[in-house]
1. Extending each Cα 7 Å along its Cβ direction at Arg253 and Leu162, get the distance between those two points in nm, one decimal.
2. Taking 8 Å as the Cα distance limit and 6 or more residues as the minimum spacing, I'd like the relative contact order of the chain as a percentage.
3. Determine the equivalent ellipsoid of the range 30-158 by diagonalising the alpha-carbon gyration tensor, then write out the semi-axes as square roots of 5 times the eigenvalues, largest first, rounded to whole Å.
4. Treat the count of other C-beta atoms within 10 Å as a stand-in for reagent exposure and order Ile163, Ile27 from fewest to most.
5. For Ala234 and Asp190, calculate 0.36 nm times their separation in residues minus their Cα-Cα distance, and state this gained length in nm to one decimal.
6. Using the Kirkwood radius over C-alpha pairs as Rh, can you work out the diffusion coefficient of the chain via Stokes-Einstein at 4 °C, viscosity 1.567 mPa s, in µm² per second?
7. Among 133-139, 250-256, how do they line up by average Cβ neighbours within 10 Å per residue, starting with the highest?
8. Under unit Cβ charges (Lys, Arg +1; Asp, Glu -1), what dipole magnitude, rounded to 20 debye, does the range 2-257 have relative to its Cα centre?
Amino acid sequence: MSTIAYDSGAVLGRHLQRIRHAPGVVILTQTMPITMLLFFGYVFGSALAMPGEEYRAFLVPGLLAATATGGIMTGMFQASQDVQRGVMDRFRTMPMSRVAVPLGQTLADLLTTAIGMVPLLLVGLAVGWRLDGGVLDALAAFGLLLLFRFASAWVGTYLGLLIRNEEAAGQLGSVTFVLPLLSNAYIPTDGMPGWLRTVAEWNPISALATAVRELFGQAAPAANNAWPVAHPVAGSVLWSLALLVLFVPLAVRTYTTSGK
């Protein structure tokens, strides 16, 4: 265990240095939600039944959930870049834990995301979002966001190790922007057609966005929602754990065997 911790810490440090010298992907994924908040909040807010400020308050938790999902894109791009440039091959020749390499990458992503959420929250406060729940509930909301980001980073890391090409990963990563559109992150699901509403409410992002809204003191979900949205905190935890149980072993095994 101490070897895993030491090796993971070394890989974590390497990724933080990498982000400092080439911050492009991180800057894109962290500034995009702010751009969308300002654009959607002031353009779409006037077109929905919600007044502008109420819609912006609804939108901030959804954008936080979308940010948590961004771990798929960053994990996929960074892992595929390391594979294509031979970094993973060099790691495999070193006497270090096989878990440490993907774990260090996902921990670095988690740390930068936690810091990167602060500007979005500050802009959200400036445009009308308020933290109406208690401090413990707010901490629980941020805990759910980081747990889901950690899980999504493992998904991205596995896909990046599988794709092994940074250009292809970059193109596929852009598709992940569609995932929040098929959820309640940006608009309520009440007005969607029946089949689309079902798809949106079983989207893990919907459970996460609803849980964050509930913990921040906004309206509770309706009883006729799908189970993950009707029980959003439990749904978010279960979705995150399911992703971790599935993709952590897949990522570690793919990293271990891809050089053979």
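What follows draws every value from the coordinates through simple rules; no lab data is involved. This is a predicted model, so every value here is computed, not measured. Please note: Cβ atoms are built from the backbone with ideal geometry, for glycine as well, and neighbour counts cover all protein chains shown.
1. Computed distance between label sites Arg253 and Leu162 equals 1.2 nm.
2. Computed over the chain, the figure is 26 percent.
3. Those come to 35, 16, 10 Å.
4. Sorted ascending by nearby Cβ count, the order is Ile27, Ile163.
5. So the chain would gain 13.7 nm between Ala234 and Asp190.
6. Approximately 69 µm²/s, per Stokes-Einstein.
7. Most protected by this proxy first, the peptides run 250-256, 133-139.
8. 700 debye
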